[in-house]
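This report refers to the structure that appears directly beneath it.
The values are calculated or read from the model by the stated rules, or taken from the named source; none is laboratory data. The model shown is predicted, which means the values in this text are computed figures rather than measured ones. Cβ: placed from backbone, ideal geometry, glycine included. Neighbour counts: every protein chain shown. Note: accessible area is taken over every heavy atom of the protein model, side chains too, but ligands, DNA and RNA are not part of it. Shrake-Rupley method; radii C 1.70, N 1.55, O 1.52, S 1.80 Å.
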Amino acid sequence: MLSVLLNAGVRFHKSCCGGPGYRPRTLREVRDRLAYAEATGEPVAQALVREELP
C-alpha cells in the first residue's frame, strides 16, 4: 500500500498548518481511490489524497 502512494508521488511531510493531510489507511481505501481515478480521469495522486469520494 505504501509503495502505491509513493509511486504516485504522494509524500508524507508536514505542511505549515499541521500534518500531511488525508492518506488512505486501508488497502480497500487505496483500491477505491484507484478505481475512482481510472473512472474519472483524475490524477492518481490527487484521488489518493481525497478524504471522501463523491
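For region 41-50, the set of residues classified as part of a loop (DSSP other than H, G, I, E, B) and either charged (D, E, K, R) or open to solvent by 60 Å² or more (accessible area, probe 1.4 Å) (or both) consists of G41, E42, P43, R50, listed by residue number.
Residues checked against (1) at pLDDT 75 or above; (2) assigned to a loop (DSSP other than H, G, I, E, B); (3) surrounded by 11 or more Cβ atoms within 10 Å (Cβ to Cβ); (4) in contact with a strand residue (DSSP E or B) (Cβ under 7 Å, 6 or more places away or on another chain):
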position: G9; (1), (2), (3), (4): no, yes, yes, no
position: R23; (1), (2), (3), (4): yes, yes, yes, no
position: D32; (1), (2), (3), (4): yes, no, yes, no
position: Y36; (1), (2), (3), (4): yes, no, yes, no
position: A39; (1), (2), (3), (4): yes, no, no, no
position: E52; (1), (2), (3), (4): yes, yes, no, no
